[in-house]
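Worksheet: one structure, shown below.
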Amino acid sequence: MSSDQWQNVVESRETLKRKKRQAVIEAGARLFNENGFEKTSLDDLAKSLGITKRTIYYYVQSKDEILMEAIRQSMHILERIALTADNDTRSFILKIEIIIDEYARWITTDFGACLVLTRENMLIDEVRLELRARKNQLDWSIRNAVIEGIAAGEIRETCDPRLTSAAIFGALNWVPFWNRGPKFTPASEISDQFKQSFVQGLRR
């Protein structure tokens, strides 16, 4: 076996381990959403995946690690949503619509719901501080869009940037609390309804 072939074998094993670890993280987030973090055990997680609890420990050390990783992955999505909206130059209204669309899509995933349903005091300091930074980034993406949209004549002057952002995220963050079970509403329908409710009221 050549050195290149050996390296490929090692990389394949590492890739497989990453994929299986990701499956553990995703299953954990789903169970946390369904049962609550405190009521979910590693035994429950192992049973849902059809593996042993001992196997779980090959990929993670604790359910706290699963939660932190799920939150970290969600924060990457929040950052991407903010950057996508901020970098769009077509209109300020569209920036807000992009955030509503992308946030609704994210909030209806297991990771999105997990972040919203998790109390901040359950997070380690490093993750909690980064989460606040990501939330502030999105908050200011909408605030700035409103401020600049007013200046450009796209948005009504009576719209308050802070209250607009609070209303939009307040509504979106409530989605995981009611959007469950057999009557699950798809992200596209949620974003369409929210855009009608919020964006139409912003237009000048």
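Bear in mind these aren't lab numbers, they're just calculated from the coordinates by the rules spelled out. Predicted, not measured: the structure shown is a model, and the values here were computed from it. Don't worry about glycine lacking a Cβ; one is built from the backbone with ideal geometry, like all the others, and counts go over all protein chains shown.
Descriptive notes on the structure:
- Virtual spin-label span in nm between T158 and R132, 7 Å along Cα→Cβ: 3.5 nm
- Dipole of the stretch 70-168 computed with +1 at Lys/Arg Cβ and -1 at Asp/Glu Cβ about the Cα centre; of A104, A85, V127, farthest Cα towards the positive end is V127.
- Helix runs (DSSP H) in the chain reaching 15 Å along axis by Cα, Kyte-Doolittle at least -0.5: 63-87, 92-107, 125-152, 161-173, 187-202
- Three-way shape call for the stretch 71-204 based on the alpha-carbon gyration tensor, with the a/c threshold at 1.5: oblate
- The trypsin sites (Lys or Arg not before Pro) of the stretch 23-87 meeting both criteria, a DSSP state outside H, G, I, E and B (loop) and at most 10 other C-beta atoms within 10 angstrom of the site's C-beta, are K39.
- Listed by chain and number, the lysines placed with their C-alpha closer than 23 angstrom to that of K47 are K17, K19, K20, K39, K63; residues fewer than eight positions away on the same chain are left out.
- Residue separation of S188 and T15 scaled by 0.36 nm, minus their Cα-Cα distance, works out to 59.0 nm of gained length.
- Among the trypsin sites (Lys or Arg not before Pro) in the stretch 81-132, those placed in a DSSP loop whose Cβ has at most 15 other Cβ atoms within 10 Å are R90, R119.
- Taking label positions 7 Å along the Cα-Cβ direction at both A151 and Q196, the computed distance is 3.4 nm, reported to one decimal.
- Placing +1 on the Cβ of every Lys and Arg and -1 on the Cβ of every Asp and Glu, with no other charges, gives the chain a dipole of roughly 420 debye about its Cα centre.
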